[in-house]
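Undergrad: First, the structure itself, so that you have it in front of you.
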Amino acid sequence: MTDSHAWEITCHRLTQAKIAAHRTHDTVQLLAVSKTQPSTRIRELFALGQRAFGENYVQEWAQKTTELSDLDIEWHFIGPLQSNKTRIVAERAHWLHSVDRLKIAERLAAQRPTHLPPLNVCIQVNVSGEANKSGVVPAEVATLAYAIVGLPHLKLRGLMCIPEATDNQERLRAQFAALRNTLEQLNAAGFALDTLSMGMSADLELAVAEGSTLVRVGSAIFGARPAK
Ligand SMILES: *Cc1c(COP(=O)(O)O)cnc(C)c1O
């Protein structure tokens, strides 16, 4: 299957998921997760109309931003970010989905070039309660959110989660719902957050049913990734 066919099938899946969830009036953005894929494949998808790409590894991504600097790509950094690697994200990304501590947000705020629009950020939430999982526990999200909105050059847009690796639909649904509930509580407290970054290749329908506004899809578009 060629990339273009797989991309069209994914767009179709997203449309069907919105119809099934009675969300045809809503926007659910498709983020093409291009980690481990060469720039040539990103260029091909861009030619088809895909504009937003997600990457996980700082060095690999930095090289692609250089190779693809002629394209008007919306870059989303979605991987774990070490504090000594924030500068490149501050300088070249449009979005960061994986903020999980204040120190990262503070460094990004200080390093974001002032001629660029604010960096869009999401707080990563550990919705599964797994001990080894990145992300802030739901009870601590509000504290981090209040701190981030006080920082310059960042725009807090919403929340992101990676649920448990399970096929159990009820468990996945409960974890997506937990993210949506956390966002609704923040908005009830006065925030104006518009982004729920949830849903991947295997579970985008479920995520859209639970209110996702952005699905992050890699293998369904590009095929299985080589083991890292
Ligand atoms: C790799 C990755 C994805 C895409 O996963 P697929 O199952 O290939 O669609 C989505 N989100 C994050 C944070 C990822 O690291």
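Undergrad: How about the stretch 6-35: which of its residues are modelled with pLDDT of 95 or more and not hydrophobic (A, V, I, L, M, F, W, C)?
TA: Residues satisfying the conditions are GLU8, THR10, HIS12, ARG13, THR15, GLN16, LYS18, HIS22, ARG23, GLN29, SER34, LYS35.
Undergrad: Continuing with this model, one more query. Among (1) away from the ligand (no atom under 16 Å from the Cβ); (2) under 25 Å from PHE46 (Cα atoms); (3) of a type in the set (A, V, I, L, M), where does ILE221 come up short?
TA: (1)
Undergrad: Pick out the one residue from SER212, SER201 that is of a type in the set (Gly, Ala, Ser), crowded, with 22+ Cβ neighbours inside 10 Å and part of a loop (DSSP other than H, G, I, E, B).
TA: None of the others qualify; the one that does is SER212.
Undergrad: Shifting gears a bit: Please work out if GLY190 is surrounded by fewer than 22 Cβ atoms within 10 Å (Cβ to Cβ) and within 14 Å of the chain's Cα centre (by Cα).
TA: no
Undergrad: Just name the residue that is surrounded by the fewest Cβ atoms within 10 Å (Cβ to Cβ) out of those in the stretch 42-55 that are touching a residue at least 24 places away in the same chain (Cβ under 8 Å) and within 16 Å of the ligand (Cβ to nearest atom).
TA: Out of the qualifying residues, it is ALA52.
Undergrad: Checking VAL208 against (1) closer than 23 Å to GLN16 by Cα; (2) in contact with a strand residue (DSSP E or B) (Cβ under 8 Å, 6 or more places away or on another chain); (3) within 11 Å of the ligand (Cβ to nearest atom), only one condition comes out false. Which one?
TA: (3)
The values are calculated or read from the model by the stated rules, or taken from the named source; none is laboratory data. In this text the structure is predicted, and so the values were computed from the model without any measurement. Note: ideal-geometry Cβ built from the backbone for every residue, glycine included; neighbour counts use all protein chains shown.
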